[in-house]
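The values are calculated or read from the model by the stated rules, or taken from the named source; none is laboratory data. Not measured: the values here are computed from a predicted model. Neighbour counts run over all protein chains shown; Cβ positions are idealised from the backbone, glycine included.
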Amino acid sequence: MVGRSPLRKLIPYIAVLALIVCLSAYPALAQEIGEESDYSMQEEYRIELGDTGDAHITDTITYDPAWFEEFGYLFDENPNLLSRRYRADSNVGEVENFDVDIDSGDATVTVTFDTPGLAYNLSDGWTVFGYADYELVDEGDDEVVLQAAWTVTNEFSLFEPMGLEEEVVIDLPDGAQNGDYDEATGAIEYDLAYAAEGEGILAENQTLFTIIFAVVMALSLILLLYLFTHRGQAPVPVEAAAAVPQVVEPGVEAVTKPKFCKKCGYPRGSEEELFCRKCGAPHA
């Protein structure tokens, strides 16, 4: 019987060695396809609300220095990565005045932008939606603070699974009251009592404009009464005006207009003359 070749004797040992290598590489492969890495991020997401519901947002993310030293340059080379997250965020509508500050020394990325109409003025007060699964840290008339911990795989982790500790700070407008976080809906609610001042020139000068309005109305009423009382009077006819005797002031000689014969036009001598001195026609 022919003996086995040396190579065939080594096959079992080679198979065992290959299995050991595969098993040792499995954790790295598992992390590559979705297992959380050893690095983590901390995020402070600050929302400053105005009294009309518009918001200014400052999002500061702090990375592990070792990770940022190796990969942070990618944010400089691909700035669109930093804006895509917010443009796809269902909590944010329009993104305006977008700006980014990358600090390699502190391993931080700070994003600022404005978004109009983040808070909605509903019948029962103002509401900011979209914060379910957060834990309430603090609430009051000036701010509401939430926190949460996630494992994220997005643009800010360069699509590497990474632990994230997030804090959301909602700075309420001046004059806000009854700030409250509704865990069931994930909404932040508050009331806003508007001050009387600053409502416009009419509100600030209400007494003056009331007096002016009353005077104008009184003058209009007087003019209206005058028009109604003089509407039925007719103008004086020309003939009647001519029949009104002329008043001659004392010491002033009255001027008598000359008269003529209606038949031949010869001048009349006096008022007592009964017949024309030229044609003999009687004067009417």
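Checking VAL144 against (1) over 30 Å from ASP182 (Cβ atoms); (2) touching a strand residue (DSSP E or B) at 6+ places or on another chain (Cβ under 9 Å), which test does it fail? Evaluating VAL144 over (1) over 30 Å from ASP182 (Cβ atoms); (2) touching a strand residue (DSSP E or B) at 6+ places or on another chain (Cβ under 9 Å) leaves (1) as the failure. Would you point out the residue of the stretch 171-212, among those that are aromatic (Phe, Trp, Tyr) and surrounded by 12 or more Cβ atoms within 10 Å (Cβ to Cβ), that is modelled with the lowest pLDDT? The selected residue is PHE209. Of everything listed in (1) of a type outside the set (S, T, N, Q); (2) surrounded by fewer than 10 Cβ atoms within 10 Å (Cβ to Cβ); (3) modelled with pLDDT of 80 or more, the single unmet condition for PHE228 is (3).
This table checks each residue for (1) of a type in the set (A, V, I, L, M); (2) touching a residue at least 60 places away in the same chain (Cβ under 8 Å); (3) outside any loop (DSSP other than H, G, I, E, B).
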position: TRP67; (1), (2), (3): no, no, yes
position: ASP76; (1), (2), (3): no, no, yes
position: GLY93; (1), (2), (3): no, no, no
position: ASP114; (1), (2), (3): no, yes, yes
position: ASN121; (1), (2), (3): no, yes, yes
position: TRP126; (1), (2), (3): no, yes, yes
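Does any residue of the stretch 112-129 turn out to be exposed (fewer than 14 other Cβ atoms within 10 Å of the Cβ), more than 29 Å from the chain's Cα centre (by Cα) and over 14 Å from GLU44 (Cα atoms)? Working first, answer last.
Start the filter on the stretch 112-129 by keeping residues that are exposed (fewer than 14 other Cβ atoms within 10 Å of the Cβ), which leaves 116-117, 120-124.
This time we only want the ones that are more than 29 Å from the chain's Cα centre (by Cα), so: none.
Within the stretch 112-129, not a single residue is exposed (fewer than 14 other Cβ atoms within 10 Å of the Cβ), more than 29 Å from the chain's Cα centre (by Cα) and over 14 Å from GLU44 (Cα atoms).
Just one residue in the set ILE47, ILE61 is within 22 Å of TRP150 (Cα to Cα), within 20 Å of the chain's Cα centre (by Cα), surrounded by 17 or more Cβ atoms within 10 Å (Cβ to Cβ) and touching a residue at least 12 places away in the same chain (Cβ under 8 Å); that residue is ILE47.
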